[in-house]
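Written out below as structure tokens is the structure these notes cover.
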Amino acid sequence: MEQSRVQLPQGIRDLGPAEAAAHRRLLGLWGDSFERWGYQEVVPPTFEFYSTFACGFAGREAERVYRFFDRQGRILALRSDFTAQVARLAASKLAEEPRPLRLWYGGSVFRVQEARNGYQSEFTQAGVELIGAAGPAADAEVVALALTALAQAGLTGARVSVGHTGFLRALLAELDLKAEERAAVAAELTHRNLVGVSGILSALELAAEQKEVLRRLPQLFGGREALAAAAQAAGENEAARAALADLEAIAGHLAVYGVSEQVTFDLGLVRELDYYTGMVFEAYVPGFGYPLGGGGRYDNLLARFGRPEAATGFALGLERVLAARERQGSGGGGSRADCLPFADPPGRLQAIH
């Protein structure tokens with residue numbers, strides 16, 4: 001028998017009966033939870049036109065998409081991101097549905113990955129998108145729901161790091177940099193490559209104090225006191241201060257949800273996809289070296305599908321959550337938490353409590 005008949009491509013794996021059962025249980029648990037929070041399930045196709053996914057790309061993201069041609073020569077792509085698909089769906093088939101629109105999804109995502117531990121070319125994501133809701137209350141809702149989902153998966157010690165894309169963009173905008181130089185700094189910050197950031201800054205013709213502000217970004221990390229330190233770094237930059245005010249408001253809403261102790265502010269946090277416009281976050285548990293998921297605000301994405309609209313959301317990596325649970329020795333548990341209904345002001349506080 002040819003060896004290729006029983007081998008799988010790199011980054012692809014089978015799920016045996018026990019793993020398949022664990023996947024199904026967790027996805028069902030999360031689906032029930034999302035629906036109790038008022039989210040409705042959608043099932044986008046596994047592949048569609050490449051242009052749909054390209055709406056959210058920046059730089060090397062396009063290189064990670066599995067592309068192929070149909071019989072008419074049009075470029076198609078396997079799903080590399082649910083958010084772009086849901087944005088397309090909200091701007092077309094669901095355009096006339098009442099807002100805000102709360103949608104959830106779960107299924108396989110495909111990306112060309114580097115051959116290293118923890119990265120698969122096919123993996124499962126589950127998440128939510130809150131469309132047509134602007135402001136810090138909506139951002140806090142998705143952060144709180146992400147933490148709830150991790151707790152329901154049986155994880156202990158889950159935390160989120162929360163940042164704001166507007167803060168970095170505002171700092172970079174006031175510097176005399178070329179577009180490619182700004183992108184290079186942001187890319188190194190995305191991968192927490194502090195040596196790379198310093199190398200790029202050393203080659204730029206900037207004042208020493210301007211370079212120091214960018215070097216300090218990864219150190220602006222902690223509780224709400226980190227926002228005060230970031231305000232000093234922002235100086236008189238009004239756009240940067242507006243981003244910090246947005247984070248302060250989000251922090252206030254998260255306190256109402258009772259999750260403040262699980263939230264860290266990180267002004268050096270940058271996520272890879274191009275469509276983020278405001279608050280961004282990533283979720284972690286102690287002792288596990290990879291983020292379990294993340295998300296943020298993406299108010300410009302739906303405009304690329306012809307319908308400008310505010311939006312925010314997140315996605316969790318199901319395999320990573322199961323691996324983290326196994327690392328913690330939590331077993332196959334998980335719980336179905338009580339319903340936390342959503343209400344618009346003035347009923348929000350009553351709904352949360």
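Residue ranges 258-268, 205-215 sort as 258-268, 205-215 when ordered by packing (mean number of other C-beta atoms within 10 Å per residue, highest first). So, taking all protein chains as they sit and a 1.4 Å probe, how much accessible area belongs to Arg224, in Å² rounded to tens? Answer for Arg224: close to 120 Å² accessible.
For the residues Glu61, Glu35, Glu97, a GNM of the chain with alpha-carbon springs under 10 Å puts the largest fluctuation on Glu97. Calculate the FRET efficiency for Ala323 and Glu248 from the Cβ-Cβ distance with a Förster distance of 41 Å, rounded to the nearest 0.05. According to the calculation, E is roughly 0.75. Per residue, the range 251-327 exposes 33 Å² of solvent-accessible protein surface, assessed with a 1.4 angstrom probe and all protein chains in place. By the helix-only formula, in which each DSSP H run with n ≥ 4 contributes -39500 (n - 2.57) and the sum is divided by residues, the chain has a 222 nm mean residue ellipticity of -12000 deg cm²/dmol. Share of the chain's accessible area from carbon and sulfur, percent, 1.4 Å? Carbon and sulfur together cover 52 percent of it.
The values are calculated or read from the model by the stated rules, or taken from the named source; none is laboratory data. The model shown is predicted, which means the values in this text are computed figures rather than measured ones. For neighbour counting, all protein chains shown are included, and Cβ atoms are generated from backbone atoms with ideal geometry for every residue, glycine included. Just the protein is used for accessible areas: all its heavy atoms, side chains included, with ligands, DNA and RNA removed. Shrake-Rupley method; radii C 1.70, N 1.55, O 1.52, S 1.80 Å.
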